[in-house]
Amino acid sequence: MIQSLARFFISGGLFMWPILVVLAFAMAVVVERFYFYFRVCGRKGLPSAPDLIRLMNNNDIEGASKALEKGRDPLTNLLKSAVSRVKAGMTVAEVEEGVQESAIRELPRMNERLNYLSLFANIATLLGLLGTLAGLQSSFSSLAAVEASKKATLLAQGIAEAMNCTAFGLIVAVPCMICYTFFYNRQNALTKDLDESLVRFMNYLRKKQA
């Protein structure tokens, strides 16, 4: 199995190496984004907007602040900003201004490096095609010094080997696009939850100060 993979890789030519580098970078992005979307943004054990509202209805602002301490996700950081300003006695307008300032910093984290997966998919595909063209050119060039009876066999072998580069490029590109779509949908769901939670919390503050 390992020997077959090694033979497949070596026969693909020099362009197999840059595709392998693209694969390594893509895997790093996939691991990082998976950790962020499902671990950091999982918010396990952290209070939701309704939980904070219940605490603040009981005038337990200190409890609401402590409940958010361990969170590192964008929603928790935005809620921290809001609660800290409420704790400081600021008006709703000042709280909203602080949340907007924090959002400028936090929201880009939601799609950070995500577009790289789409870029890597395109690069891997193009490198595969380029490697195939280079392989075919090399095969045709080598036929000039070969006997006519052997040309068909050598050409067939050369084409088969050159196609390995395209195959490897697609092997890298397809999972990249699948992961991109999966993470993109996850990001949209998290952003929607963030928007809904913030709107709900800010509406509560407006009603409370009205």
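A few points about this structure:
- Along segment 172-180 the Karplus relation, 6.51 cos²θ - 1.76 cosθ + 1.60 evaluated at θ = phi - 60°, assigns HN-Hα couplings of 7, 5, 4, x, 4, 5, 5, 5, 4 Hz to successive residues, with x for each Gly and Pro.
- Ordering of 102-115, 21-34 by burial proxy (mean other Cβ atoms within 10 Å per residue, highest first): 21-34, 102-115
- Peptides 79-86, 134-141 ordered by average Cβ neighbours within 10 Å, highest first: 79-86, 134-141
- For the chain, the longest principal axis of the alpha carbon atoms and the long axis of helix 115-142 meet at an angle near 10°.
- Our helix-only sum for the chain, with -39,500 (n - 2.57) per DSSP H run of n ≥ 4 divided by its residues, gives a mean residue ellipticity at 222 nm of -27000 deg cm²/dmol.
- Against the chain, whose longest principal axis is taken from its Cα atoms, helix 16-34 shows a tilt of about 20°.
- Relative to the Cα centre, the charge distribution of segment 19-209, modelled as +1 at Lys and Arg Cβ and -1 at Asp and Glu Cβ, gives a dipole magnitude of about 400 debye.
- Angstrom value of the Kirkwood radius, inverse mean 1/r, which spans all Cα pairs in the chain: 20.9 Å
- Relative contact order of segment 19-209, defined on C-alpha pairs under 8 angstrom at six or more residues apart (%): 30 percent
Throughout, read-outs are computed from the coordinates displayed, never taken from laboratory work. Values in this document were obtained by computation on a predicted structure and should not be read as measured data. So basically every Cβ, Gly included, is an ideal-geometry build from the backbone, and we count neighbours across all protein chains shown.
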